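Student: One structure is given below, represented as structure tokens, and several questions about it will come after.
Throughout, read-outs are computed from the coordinates displayed, never taken from laboratory work. Treat the numbers as computed from the prediction; the structure is a model and nothing was measured. Methodologically, a virtual Cβ is constructed for each residue, glycine included, from the backbone with ideal geometry; neighbour enumeration extends over all protein chains shown.
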Ligand code: FES
């Protein structure tokens, strides 16, 4: 089964705003998704520097090609479960 790619921004702004908690997915992922995700730490995606107010606040996380703004551990896990469910339907 193809894994869900989770790109976590490791830039300073996102890190300070809580990305560090999301990185816990690497060590303590919920059991039901543990072997179905591929985690990638990425450099600043430059979304925090956007001056058009197109984006809300970080931390920013990409789950496959969907952007999560103001990401939390729970938001990311829920999105992963949603993506996995849609794959099975
Ligand atoms: S630090 Fe995450 S988008 Fe810039």
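Student: Report the antiparallel proportion of the DSSP beta bridges in region 4-88 as a percent, rounded to a multiple of 5.
Tutor: The antiparallel proportion sits near 50 percent.
Student: Related question: Using r as the Cβ-Cβ distance of residue 3 and residue 67, and R0 as 22 Å, what FRET efficiency do you calculate, to the nearest 0.05?
Tutor: Plugging the Cβ-Cβ distance into 1/(1 + (r/R0)^6) gives 0.75.
Student: Follow-up question, since we're still on this one. If you line up the long axis of helix 73-88 against the longest principal axis of the chain, both from Cα atoms, how many degrees apart are they, to the nearest 10?
Tutor: Taking Cα atoms only, the helix is inclined about 50 degrees.
Student: Ok, one more. If you average the sequence gap of Cα pairs under 8 Å that are 6 or more apart and divide by the length of region 4-88, what percent do you get for the contact order?
Tutor: Once divided by the residue count of region 4-88, the mean separation gives 39 percent.
Student: Can you tell me how region 2-49 classifies by the Cα gyration tensor, rounded, prolate or oblate, using a/c under 1.5 as the rounded cut?
Tutor: Judged from the Cα gyration tensor, region 2-49 comes out oblate (a/c at least 1.5, b/c at or above a/b).
Student: Mind checking Rg over Rh on region 4-88, alpha carbons, Kirkwood formula for Rh?
Tutor: 0.97
Student: Please rank 45, 1, fewest neighbouring Cβ atoms within 10 Å first, as an exposure proxy.
Tutor: Going from least to most buried by this count: 1, 45.
Student: By how many nm would the segment from residue 85 to residue 21 grow when fully extended, if each residue of separation counts as 0.36 nm and the alpha-carbon distance is taken off?
Tutor: 20.6 nm
Student: Please work out the C-alpha center-to-center distance from region 40-55 to region 60-80 and express it in whole Å.
Tutor: Taking the Cα centre of each part, region 40-55 and region 60-80 sit 14 Å apart.
Student: Using only helices, what value at 222 nm comes out for the chain when you add -39,500 (n - 2.57) per DSSP H run of length 4 or more and divide by the total residues, to the nearest 500 deg cm²/dmol?
Tutor: Estimated from H runs of four or more residues: -6000 deg cm²/dmol.
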